[in-house]
Structures are given as C-alpha cells and as structure tokens.
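We did not get these values from a lab; they are worked out from the coordinates using the rules stated. Note that the structure is predicted; figures quoted are calculated from it, not measured. Because the Cβ atoms are built from the backbone with ideal geometry, glycine has one as well, and the counts that use them run over all protein chains shown.
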C-alpha cells in the first residue's frame, strides 16, 4: 500500500507532457509523492523539470527508448517502484476501410504494445517486491465503439482485454490492476487526433467524404467543449483511489457518458445500442 512521503517514497512512472498526465503528475508531486514523469519531446522534459518534477525522455514508439526509460526510472527511485500509470496515447480518426494498415499498426504500437512492454517490465520488478499497482488510463471507447474512431476503439478494446486478463492472473498476488475509463476530458487530444487524421486519411477519395467534414469540424472546433466534459482533476481523484485504497477497483468510470454507456451496454441489445451511438457519430 502506498503511504505519504514522510513514511515512504512513492514512485510513479508517467508519460505526461499535457492534459491528464501532466495534471496528475503535478498534483501527486504537490501532495508529497515522488513522481517520475516521462515525455517524448526533450523540450517537454525540460519544461516539467523546470517546474520541479523529475522527468525523463521516453518515446512510446521505440522499444529501446521504453527499456532505457524504465531502467532510468528504477535508478531514480532507488529500485523501489510502487506503481505504474500508463497514460500516453493518441487517437487515429478515420473509417476502418480508409485506415492504412500502417496507421492502425502505429496506433497499436503506442496505445497497446508500448503499454504492454512497460507493464511487463514493471510487473517483473513488482513481483520481486511482492506488491504494486498497475493503472491504465483507458476510455469510454474501451466500453463502446463509435464510428470513425475504429483504430482508437480497437486499441482500447485490446487494452481492456489485456488488463482484465492480467488482473485475474495476478489475483493471488498483492499486485493490483485497474482501468480508468474517462469520457470527454479537457486536453489536447482533439488537436493530436486532427494531425493524425490529416496525415493518414485520404478524404477526397473516400466514400465517407461527407461525414468526414463533420469529423473535421469537430476536431478543428475551438468552441466550448462538448457536453459533460470534465477537467483532468476528475481523472486524478480516481487515480488517487487506485493508488492508495487497500483494495483498488478493477474499473473507474469518469464523466457521465461513461456511466451512461456502461449502463446501456448491460441493458440494451447490440442493435438498440448501435442506434443510440450512431446519433452521436
């Protein structure tokens, strides 16, 4: 169990240049936890370091960088890593039929395979210590799928399958696995998704060209956030419980849409749920 710093130095490994990761790393640091943050860009590492955070450079698309980063994190926490929070991810918009396979592969490389590598590295370490927490920041799109988000949907569905399986496989240990499933959260997610869309999707030659304009309007919008959008503090409260509770929950819903979709998925047939989800495409 994690304790406050005066009793024990608590080491959490992050990927967090913006949004949820940044907020949670900064808040935990302020609360007295020893946080090891990680960012892809050197400039982001320098920015977080200037704010008093311990930060390392780590590229989730590079297996070598992941191993080097994890080893560096172990050095910084004197070989006593208590928790891993997997958060770094991006969304690749586009209809499934328009997705280049390489774009889908890249989505899984960052959103699934890198997390799997980090989790296994952390798990090996935690087994030697006999305890630990592994927390994945998933999404409402790990519960239900939405049109034109197929790559991201698939990556989160895969993540949740791996996490559920690992949780059962570790049930006889003191290592706990949790999923956090946010709906809309204030971040730069849309900005990054727009870049991925423009890079990999051929809008002009697509049968979905008309619907893509709606997607572009959504991604390019600088207007008020969509309904039920919460700040990253909503995720932080769930993360803190997953880190400190004697018995962490397997799943933490965040935002009204996640609670609603979790309920409707249990209540409705697949056909009826599809009709509701298609209204929000």
Rounded to whole angstrom, the alpha-carbon centroid of segment 238-281 lies from that of segment 148-192 at a distance of 12
Highest mean packing first, using Cβ neighbours within 10 angstrom, the peptides 207-215, 30-38, 272-280 sort as 30-38, 207-215, 272-280
Extend 7 Å from the Cα of residue 174 along its Cα-to-C-beta direction; within segment 237-261, residues with backbone N under 16 Å of that point are 243-248
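What order, most packed first, do the peptides 179-191, 258-270 have when packing is the mean number of other Cβ atoms within 10 Å of each residue? Spell out each step's value before the answer.
Values: 179-191: 20.1, 258-270: 13.6.
Sorting 179-191, 258-270 by mean packing, highest first, produces 179-191, 258-270.
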Stokes-Einstein D for segment 189-281 (20 °C, 1.002 mPa s, Kirkwood Rh from Cα pairs), in µm²/s, comes to 130
Mean separation of Cα contacts under 8 Å (at least 6 apart) over the residue count of the chain, i.e. the relative contact order in percent, is 20
Once both label points are put 7 Å beyond Cα along the C-beta direction, the residue 116-residue 218 separation in nm becomes 2.8
A chain fully extended from residue 145 to residue 273 at 0.36 nm per residue, minus the present Cα-Cα distance, gains in nm 45.1 nm
Across 96, 177, 140, the residue with the highest GNM fluctuation in the chain (Cα network, 10 Å cutoff) is 96
Output ordering of 111-117, 199-205 (per-residue mean of other Cβ within 10 Å, highest first) is 111-117, 199-205
Only helices counted: for the chain, with every DSSP H run of 4 or more residues adding -39500 (n - 2.57) and the sum spread over all residues, [θ] at 222 nm is -15000 deg cm²/dmol
One quarter of the C-alpha convex hull surface, i.e. the mean projected area of the chain in nm², amounts to 15.1
